[in-house]
């Protein structure tokens, strides 16, 4: 029992050290500009749930409902503001760091601290938005950490198996595409667990099908199938990027992620075969990381590759430490010196390749995640709600836009936000809906995804026709990627604009339109 307590205290100490080192990064990330669509949806969608609207039935989202449910619960306690949303995102990242510290601690303090630091570097470099992916990853790693502590301790710890299974199941409710990695990891643990432990794990995993059953009952099976399968398949050609990535540092980061998966699976298989240490846990981690690779390859750019690399590269020091033992043919613990060497090498590699890949200016937003341009960014407030935008000029234009919207609208009217060229629905300023809560969104497509909103037969034009106020932006007119996003859709939405709406004000890049009299 004393060794278990010592292990817990050591893992807590490693987490505290890493959190302290990353605190300045977190402070800068809280002041970074909003991700207009990706983060804007996190501000808007949970509030729509309050009014009885459901994901996939009433508004488009490609993910499971778990993240929106959690944000909705958070907003019921705290105000639905930009700062609260990013606090949830901070909690996700700290949970990832803490879980990795607990999972890796048996390999030694240097390796645990190094793994947590590497994962933290990548996770915080992605900024602080409360993305569903990082929430799912935090839940999955926390679930494995809980089961790992049960395996290490003497006696029965069935509650940890139950809680671990529930956290793994909840991860799938956040991101359905993580189900393959979670299922593979769970199978390893089921194979090594006792019958009573298996039952507890399976009971916990039932969180996923129960939660999805509730969601399907609320939103309807056809809507859920369309939103989580049909829309994903339709928009995929317009989001996919070529492999290998065209930027060397992103390709290197992807290579590190794949290396992490291979090394973890190899180390876990060797440990499990020789019945040493955390063999089942290390193998489960490798399989979970393998399940994150589709996130990297579906859109091979820095933020998606970085999202998968959080765990795959973050756990690389653990895998290298165990493989070093294998190379020496030793059954003892990794020595402190070897641990320091392994961790130092891993951190240097990540610092040289991973961070520049994510922070490169070509990403558009990732380079701001460390607050590198916070002296230029500016906050825009409206009735207790606020966001941070790129610079003071943009903030002035946004304030003027919101003032004009107030002048031409009244509460309850319908507002539509979209790109100026509605034949190419590549991105959107979804955050504007959050700043206009007194107006009702006029469209199912609060997000704009190519191949979905602008597909033939889409309801985009008919939705637009119901709007009282329209806000368009030219910011994404120059969107250019080597995929199907360059293909224009039908002209019907533009025809609706020409027939029914007149320009009322220009606040570049935004244009305000109202119904012509």
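Computed from the coordinates by the stated procedures, all read-outs in this text should not be read as laboratory data. Remember, it's a predicted structure, so these values are computed and weren't measured experimentally. Ideal geometry is used to build each Cβ from the backbone, glycine not excepted, and the neighbour counts take in all protein chains shown.
One table, with the values for the structure above:
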item	result
Relative contact order %, the stretch 378-515, counting alpha carbon pairs below 8 Å whose residues are six or more apart	26
Mean Cβ count within 10 Å, highest first, over the residues of peptides 163-173, 480-490, 448-458	163-173, 448-458, 480-490
C-alpha long axis of helix 316-328 to longest principal axis of the chain, angle in °	20
Highest average packing first - 299-306, 73-80, Cβ atoms within 10 Å	299-306, 73-80
Computed label-point distance, nm, for sites residue 78 and residue 484 using a 7 Å Cα→Cβ extension	3.9
Part-to-part distance (alpha-carbon centres) for the stretch 62-132 and the stretch 269-326, which is given in Å	18
222 nm mean residue ellipticity, helices alone, for the chain (DSSP H n ≥ 4; -39,500 (n - 2.57); rounded to 500)	-19000 deg cm²/dmol
Label selected from (1) 50; (2) 38; (3) 33, the criterion being percent of Cα pairs over 34 Å apart as computed here	(2)
Nearest-ten-degree value, helix 195-205 long axis tilted from longest Cα axis of the chain	10
Burial order of peptide ranges 36-47, 261-272 (average beta-carbon count within 10 Å, highest first)	36-47, 261-272
DSSP beta bridge pairing in the chain, given as percent antiparallel to the nearest 5	65
Relative contact order of the chain, pairs being alpha-carbon contacts under 8 Å that are 6 or more residues apart, as %	19
Folded to 0 to 90 degrees: helix 132-152 orientation relative to the chain principal axis, Cα	20
